Each structure stands twice: as structure tokens, then as C-alpha cells.
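A.B. asks: Here it is: the structure, laid out below.
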């Protein structure tokens, strides 16, 4: 009989000491589905950019240094004079992508791909800064002003720096046109929302 009560008390203690049946803290909807890694290398920063874009998440901005500047291709600046490409800082990027993310239907996702450019291999072992190149394709469903839904493609020349804690971020993004002039760059695709 004592053994039965002892087991009953032991079971009660086990269940009362753990949070087995407590509800979990809900995930922030703005980061749902986003895989975020501590940015300890330039490669990880790019993976974070891709994941944050795919999840339409404001965490995208965490990939950029506070001194971040975005530079559009000179041809885009000349051809799309209806858009403002100058003085594109981190606050401008924040406002622009927030407006762009807002038009993505809830049942859709942005499809982003960043691939190493064969003509510009990554530096072997960057110490505190690096320039990496990525051929990109970014498709934002039903968001382009043209209504075509064609992806933005181009070459991203990304200047990155490492801070005192060993964390990397993008300080400059130079957006370069793809060989196919019929496709718009990321600069043109998002400038509509600026």
C-alpha cells in the first residue's frame, strides 16, 4: 500500500515539475518559416538574406549594417528616371521592403535564390571584410507594378564587414544588371515601393 502511494506521489511530482502540458509561446508571425543563423561568415549572411526574403520577414534588415547603402546599376538609374535610386540607406531599405512585403498575398511566398558567380569566386578566408558576388533571382508574387510576375535577376556585388563580435553584415549592395536586359533588377523591382 505504501508502495502505491509512493509511486502516486512520485508521478505527481514528475508531472508538476515539468511544463509538458503548458502551451508553447507562439512564433512571431513576421518570422514564420524563416531560418536564421548567427552570421559568423559572409555565406551565412547571404543564406539569411535568402531565408528572410522567402519568409517576407523584417528580420531581412538584420543582414545589413547600420551604415548600409544600396547602389542601383547605372543603366537602371538612366532608364528608370521615374524612380529614386539615390541616398538608398538602411532606413530607406526598411521602408521599401516593408511596403513590398505588404503586397505579397498571405498564401504566397517570395522565391529568392542567390548563387555564387563563377567569374567572381569568394575570397578564401576573409578576415574583417569581404566582397562577394551572387547571381540572384527574386520572384515576388503579384507585386510587380507590371503585373507580369517575372523575377528580378541580376548580380549582387556585396561588400561585407565583420564587427568586433565576429558577426558579419552587408555594408554595401551594388546591384548589377544581368546579361538579359529584358529582365529587371532587384533595384527596379523594389524601387516601385520606395
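A.B. asks: Out of 164, 156, 135, 130, report the one residue that is over 18 Å from the mean Cα position of the chain (by Cα), in a strand (DSSP E or B), under 23 Å from residue 37 (Cα atoms) and modelled with pLDDT of 90 or more. Write out each step before concluding.
C.D. replies: Working: 164 fails: in a strand (DSSP E or B); 156 fails: over 18 Å from the mean Cα position of the chain (by Cα); 135 fails: over 18 Å from the mean Cα position of the chain (by Cα).
Selected residue: 130, the only one of 164, 156, 135, 130 that is over 18 Å from the mean Cα position of the chain (by Cα), in a strand (DSSP E or B), under 23 Å from residue 37 (Cα atoms) and modelled with pLDDT of 90 or more.
A.B. asks: If you go through the stretch 112-127, how many residues are out of contact with any helix residue (DSSP H, G or I) (no Cβ under 6 Å at 6 or more places or on another chain) and in a strand (DSSP E or B)? Break it down stepwise before answering.
C.D. replies: Taking the stretch 112-127 first, the residues out of contact with any helix residue (DSSP H, G or I) (no Cβ under 6 Å at 6 or more places or on another chain) are 113, 115-127.
Okay, now just the ones that are also in a strand (DSSP E or B), so 113, 115-116.
Total meeting the criteria: 3.
A.B. asks: Taking the stretch 81-111, which residues are assigned to a loop (DSSP other than H, G, I, E, B), closer than 21 Å to residue 51 by Cβ and out of contact with any strand residue (DSSP E or B) (no Cβ under 7 Å at 6 or more places or on another chain)? Don't jump to the end; show me each part of the working.
C.D. replies: Taking the stretch 81-111 as the starting set, the residues that turn out to be assigned to a loop (DSSP other than H, G, I, E, B) are 81-87, 103-110.
Now restrict to residues that are closer than 21 Å to residue 51 by Cβ: 103-110.
Across the stretch 81-111, the qualifying residues are 103, 104, 105, 106, 107, 108, 109.
A.B. asks: Further, regarding this structure: Taking the stretch 51-75 on its own, how many of its residues are assigned to a helix (DSSP H, G or I), surrounded by 21 or more Cβ atoms within 10 Å (Cβ to Cβ) and touching a residue at least 40 places away in the same chain (Cβ under 8 Å)? Give the steps one after another, and end with the answer.
C.D. replies: From the stretch 51-75, those assigned to a helix (DSSP H, G or I) are 51-54, 58-63, 74-75; that's our starting set.
The next check asks that each one be surrounded by 21 or more Cβ atoms within 10 Å (Cβ to Cβ); those that pass are 52-53, 60, 63.
Filter again for touching a residue at least 40 places away in the same chain (Cβ under 8 Å), leaving 53, 63.
The qualifying residues number 2.
A.B. asks: Inspect all residues belonging to the stretch 22-43 and state whether any of them is over 14 Å from the mean Cα position of the chain (by Cα), closer than 26 Å to residue 163 by Cα, modelled with pLDDT of 95 or more and not in a loop (DSSP other than H, G, I, E, B).
C.D. replies: No, the stretch 22-43 contains no residue that is over 14 Å from the mean Cα position of the chain (by Cα), closer than 26 Å to residue 163 by Cα, modelled with pLDDT of 95 or more and not in a loop (DSSP other than H, G, I, E, B).
A.B. asks: With the condition kept exactly as written, say whether any residue in the stretch 112-120 is at pLDDT 90 or above, within 22 Å of residue 194 (Cα to Cα), within 17 Å of the chain's Cα centre (by Cα) and surrounded by 14 or more Cβ atoms within 10 Å (Cβ to Cβ).
C.D. replies: yes
The values are calculated or read from the model by the stated rules, or taken from the named source; none is laboratory data. Quick caveat, the model's predicted, so the values are computed rather than measured. Positions of Cβ are backbone-derived with ideal geometry, glycine not excepted, and every protein chain shown enters the neighbour counts.
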